[in-house]
Amino acid sequence: MNDLESMYLCSGFCQMVGAASAILSINNTVVIFNSPRWCALTAERELMKVNRDYEDRLFCTEARQDTLVYGVEAALNETLEEASAKVEKAEMTAVLTSCSMGLIGDDIKGIAARNTDVRFLLSIDAGGLTGNFISGYTMAFLKVLQSIDFISFPRNNKVNLIGVCTCYPHWQGNVEEMTRILSLAGIEVNIILGSDDTDLQAIRRMTTAALNIVLDRDLGLPIAKYLEENYKQQYVVAEWPIGFKATEIWLRKICSILHINDGCQKLEQEIL
């Protein structure tokens with residue numbers, strides 16, 4: 001790979017951090033950085049800035065020179081045992097492999113399969129030199145969606161919000177306001193993918209919503225396209241609105257798709 005445009009500078013906000021932020025937004029999950037200590041600590045530092053509670057669910061294989069030669073099996077087994085002991089109710093464990101460890105090609109799932117305490121494991125190659133924060137975030141959520149069984153019920157009039165990330169500033173206030181505005185039109189939010197305190201059971205109900213609203217094109221569009229292609233779930237790109245007029249247009253667009261008449265009346269009264 002000699003094209004400089006396709007190369008990424010490894011930094012704190014690398015692919016591994018993006019993947020970790022996606023996984024940790026789901027309750028009862030564990031992230032294991034399959035990496036050297038310095039790489040894991042750099043990622044942890046960035047994640048601690050947004051939620052210090054994440055630290056309790058972060059672990060590292062602490063790969064060293066001998067690991068690069070003989071493989072990560074012993075270090076990974078030790079880390080899996082430690083994680084299982086500290087997070088007893090973990091419903092999912094994600095092993096995120098860094099740049100250097102990705103060169104080895106260890107069978108992460110094969111190693112973990114011999115650890116009886118692991119209930120649900122994802123193995124993600126998340127090296128920071130092959131992708132950035134956004135690609136790590138979308139890759140991790142796609143891995144989750146591809147690995148679970150969705151609950152199949154008839155579609156309701158609820159919507160999913162996609163493209164939310166806890167590492168982005170002001171996400172809580174923005175989500176609360178979007179949820180409130182949608183409720184003015186009688187639209188209920190089914191799940192906010194990427195927000196803290198989401199659980200796997202809620203994610204399994206994603207396909208019961210009538211519409212996926214992509215709030216951030218970079219973070220959410222690949223996920224929405226996957227759900228459309230595989231579960232025929234409609235989506236709309238309606239990014240965060242700024243200002244009264246843009247918010248009214250935003251809500252009107254969503255109401256039109258859901259065939260909700262006069263859905264903007266309450267919002268228009270507020271603006272006046």
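The values are calculated or read from the model by the stated rules, or taken from the named source; none is laboratory data. Nothing here was measured: the structure is a model prediction, and the numbers come from that model. Ideal geometry is used to build each Cβ from the backbone, glycine not excepted, and the neighbour counts take in all protein chains shown. When the accessible area is computed, the model is the full protein with side chains, heavy atoms only, and any ligands, DNA or RNA have been set aside. Shrake-Rupley method; radii C 1.70, N 1.55, O 1.52, S 1.80 Å.
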Applying the selection to the range 239-272, what residues are part of a helix (DSSP H, G or I), crowded, with 16+ Cβ neighbours inside 10 Å and over 30 Å from the mean Cα position of the chain (by Cα)?
-> Leu267
Within the set of pairs 6 or more residues apart or between chains, which connect a residue that is in contact (Cβ under 8 Å) with a residue 24 or more places away in the chain inside the range 218-230 to a residue that is buried (at least 16 other Cβ atoms within 10 Å of the Cβ) and hydroxyl-bearing (Ser, Thr, Tyr) with Cβ atoms less than 6 Å apart?
-> Leu219/Tyr137; Pro222/Thr138; Ala224/Tyr235
Of everything in the range 64-80 that's of a type in the set (Ser, Thr, Tyr) and at pLDDT below 85, which residue is most open to solvent (accessible area, probe 1.4 Å)?
-> Tyr70
Would you pick out the residues in the range 163-180 that are at pLDDT below 95 and at positive phi?
-> His170
Could you please give the count of residues in the range 159-181 that are open to solvent by less than 60 Å² (accessible area, probe 1.4 Å), not hydrophobic (A, V, I, L, M, F, W, C) and not in a helix (DSSP H, G or I)?
-> 3
Say whether the condition of being touching a helix residue (DSSP H, G or I) at 6+ places or on another chain (Cβ under 9 Å) and farther than 17 Å from Lys143 by Cβ is met by at least one residue in the range 85-95.
-> yes
Listed by first then second residue, the pairs whose first member lies in the range 92-112 and is surrounded by fewer than 15 Cβ atoms within 10 Å (Cβ to Cβ) and of a type in the set (D, E, K, R), whose partner is modelled with pLDDT of 80 or more and not in a helix (DSSP H, G or I), with beta carbons under 8 Å and at least 6 positions apart or on separate chains, are Lys109/Leu121; Lys109/Ser123
Scanning for something in a helix (DSSP H, G or I), modelled with pLDDT of 95 or more, open to solvent by less than 30 Å² (accessible area, probe 1.4 Å) and among the aromatic types (Phe, Trp, Tyr), does the range 217-228 turn up at least one residue?
-> no
All positions within the range 62-91 that are touching a residue at least 40 places away in the same chain (Cβ under 8 Å) and among the polar types (S, T, N, Q) | Thr79
State yes or no: is Ile203 open to solvent by less than 10 Å² (accessible area, probe 1.4 Å), among the aliphatic types (A, V, I, L, M), farther than 17 Å from Asp149 by Cβ and at pLDDT 95 or above?
-> no
Kindly provide the set of residues from the range 127-158 that are of a type in the set (Lys, Arg) and either assigned to a helix (DSSP H, G or I) or crowded, with 17+ Cβ neighbours inside 10 Å (or both), ordered by number.
-> Lys143, Lys158
Pick from the range 182-200 the residues that are outside any loop (DSSP other than H, G, I, E, B) and buried (at least 20 other Cβ atoms within 10 Å of the Cβ): which of them is nearest to the chain's Cα centre (by Cα)?
-> Ile192
